[in-house]
1. Put B:Val213, B:Val302 in order of accessible area, largest first, 1.4 Å probe: what do you get?
2. Quick one: check the C-alpha center-to-center distance for segment B:73-132 versus segment B:367-403, whole angstrom.
3. Let me test this: with uniform point scatterers at the alpha carbons of segment B:206-247, what is the Debye-based log₁₀ I(q)/I(0) at q = 0.14 1/Å?
4. If a helix is a whole DSSP H run, which ones in chain B reach 27 Å or further along their own axis (Cα) and hold a mean Kyte-Doolittle hydropathy of at least -0.5?
5. In segment B:456-559, carbon and sulfur make up what percent of the accessible area (probe 1.4 Å)?
6. From the residues B:Val151, B:Leu91, B:Met237, which one has its Cα farthest along the dipole of the protein assembly as shown in the positive direction, the dipole being from +1 and -1 charges on Cβ of Lys/Arg and Asp/Glu about the Cα centre?
7. When the Cα atoms of the protein assembly as shown are enclosed in a convex hull and the volume is divided per residue, what value in Å³ results?
8. Return one number: the angle in degrees, 0 to 90 and rounded to the nearest 10, between the long axis of the Cα atoms of helix A:179-188 and the longest principal axis of the Cα atoms of chain A.
Amino acid sequence: MTKILRPALVLFAALSLLTGLAYPLLTTALAQALFPHQANGSLIEKNGQIIGSHLIGQNFSGMRYFWGRPSATSPQAYNGLGSGGSNLGPTNPAQLAAVKGNLEQLRKAHPTQTATVPVDLVTASASGLDPEISLAAAYYQMDRVATARGIPVARLHQLVDDHIIGETFGLLGEPRVNVLELNLALDAVK
Amino acid sequence: MNTAAFLQLGLFLFVLLALAWPLAGWITRIMQGENPGLVRFVAPLERLIYRLAGIRQDEDMGWRGYAVALLLFNLLGVLAVYALQRLQGMLPFNPQAMAAVSPDSSFNTAISFVTNTNWQGYSGESTMSYLTQMLGLTVQNFLSAATGAAVVIALIRGFARHSSARIGNFWVDVTRFTLYVLAPLSLVLALAFTQQGVIQNLLPYQTATTVEVSHFQQAKLDAKGNPVNGKDGKPVMVDASTRQQTLPMGPVASQEAIKMLGTNGGGFFNANSAHPYENPTPLANFLQDLAIFLIPAALCFVFGRMVGDRRQGWAIIAAMLLMFVSAVVVETGAEQAGIPQLSAMGVDQHASSLQAGGNMEGKESRFGIIDTALFTVVTTSASCGAVNAMHDSLTPLGGLVPTFLMQLGEVVFGGVGSGLYGMLIFAILAVFIAGLMVGRTPEYLGKKIETYEMKMTAITILVTPVLVLVLTAIAVSVDPGKAGIANPGAHGFSEILYAFTSAANNNGSAFAGLSANTPFYNIMTAIAMFFGRFLMIVPILAIAGSLSAKKRLAVNSGTLPTHGPLFVVLLIGTVLLVGALNYVPALALGPVVEQLQMLSGH
């Protein structure tokens, strides 16, 4: 037994140190040297204060802002400490009720909007931190934001279009708009 | 499937094969003991480890010695991961002061990561210290993958060698696969992920001051921090508001890379590859798809090279590809179709240039339907189990596809090593069935398949269905099992069936609504994971030893060729037949019923 115990113990210890400490620490050093912004969370700072991350969505509910996807994190939406989705199944009455609730809220906030509601605005994202919405979801909200801010819709349309992230290589992913970036740009409009 | 979906699938398969082919040449050389120029500066480290450990590189083991070494090595892994979780509160690299994990959850996670399952009952960002993530979980991401690779290389040696009872040296196989295959690939991939936005640091969690104040309700807590219950027995809710958002940090990219390359699938965060810090862009997502399939695909070519007939590897991969592509087509169609009840309410689920449409519950905007469906099929064809969407919220048919792919035994590419050894067992079964039909002694690659091999084959093929069906039956019959169900009706049964299917086949993805972090599920799924892994590996090593000892027969006119379309069809037929016979009744009670309910509007 000792004949096999020594190789097992020594090899396990050696490979643990190599893959469990040397590898992640080396990766950290290289990542910090090569891509410090991304490695540290793609943070957005204003006056030396962290106001968010390009990659992590924030909760918006005011009439003056574009809203993101519904978030199922608890206790509050877009809770960075508890990523996750609703895990509601498609035939669960609770799921249909949740969508219905989101729909009614949206319709109330957008009385002039006659189009059908884009699906991503009434369904919870997988991470609960989805930073983005579809173009349809952004356009759907333009009238409301324009009215609340007293900005011409055409100006807002241009602003949304300036923030479109297209498919990678014209193929991968979906066209979308980063909600936090769009809203920060909105606040910067004079 | 629209044009974009087919184009993306085509691009994926093209890049996959273009990368897997040269990688196969590399792996073959490494595992046959060569030291190509590139590795020479690591070779002294390899020799130093052998010297310290008293390992003789040229000492070949019989299958029993190989199996004992493997089991002991994996047992050490279980102990280490368990101990790290229990002691993490006292150890360094713990800026968030994470406390010790409970005994049953620690046990479950230890088994889960050692068996390459990476089922997760816990939520990473609020449970594990950075040290546990690195020295516990990342290590097992490497070593469980290397263990799987070692087993399949041993099995291939069983076919390639003759009149020898030896199948290789486990210590050397694990060391070389880790040092020369997994580690360099992981380092490159981790840096690519970081470039795309995956975080890699050892900072404490950051706090952002958000643009708007969030108003929400939370449970009222008493002085001890326990929720206060009202007269109706439910927690009392109070209004709260915050303008702060916690941004979790950590060494994510390094773990993410081996999580994919090793077909592990355990997320750093609870949302796994749906989390923007784990999988921030469509390009990162595409790389993750590739990384999951890369080594399993390359190993098929390694098989062809090592047995001296590359067509044999192509036949295996052709069978896998046909099943994979069919699954992608069904999955994409099911999710793109969306939920009829939502359309009836006035929700727009049509795909257009402005939106992905389809069933977007539990999906991310950047991935939409196409990237999500591809990822879902990749991760469950392979025994990876990473998710970029919440599988519990898939349409019933969209949930059936991943469930059935796992139930086939994770042989459509499958896990690192485990996919190919599982498929080779089905190949043995296929030649056996063909032999019965024409009344000849079956043979595969010049080796006679006899009673001993067939007994072992029967064990490996039956062990996971028995685990899945028996444990599911127990869980739906007892209160602690039923207590975990989140969704009512047929979907609730699907949640439990998915859990044990995923655990026993070492996938690790979940219908995550199921409350599985309870002593009942922690122990039951640990049983499924442990026996689903090692009751496969030991009989397969026995087959390897037995085959290795046999003489190699010459090909003659009565030999069934195992490299042509006929054999590919026979192999697919065998896999589907066994899977369907085992699981159709269970599937009928879950996703099939639910799909019919959804379509008929109930």
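1. Sorted by accessible area, descending: B:Val213, B:Val302.
2. 26
3. -0.45
4. Sorted by number, the helices that extend far enough and score high enough are B:3-31, B:63-87, B:139-160, B:282-306, B:310-337, B:418-438, B:451-477, B:519-549, B:565-587.
5. 72
6. It is B:Val151, whose Cα lies furthest towards the positive end.
7. Hull volume over Cα atoms, normalised by residue count, gives 160 Å³.
8. Its long axis makes an angle of about 60 degrees.
The values are calculated or read from the model by the stated rules, or taken from the named source; none is laboratory data. It should be emphasised that the depicted structure is a prediction, and the values quoted were computed from it without experimental measurement. A quick note on method: Cβ atoms are made from the backbone with ideal geometry, for glycine too, and the neighbour counts reach across all protein chains shown. Side chains included, ligands, DNA and RNA excluded: accessible areas come from the protein's heavy atoms. Shrake-Rupley method; radii C 1.70, N 1.55, O 1.52, S 1.80 Å.
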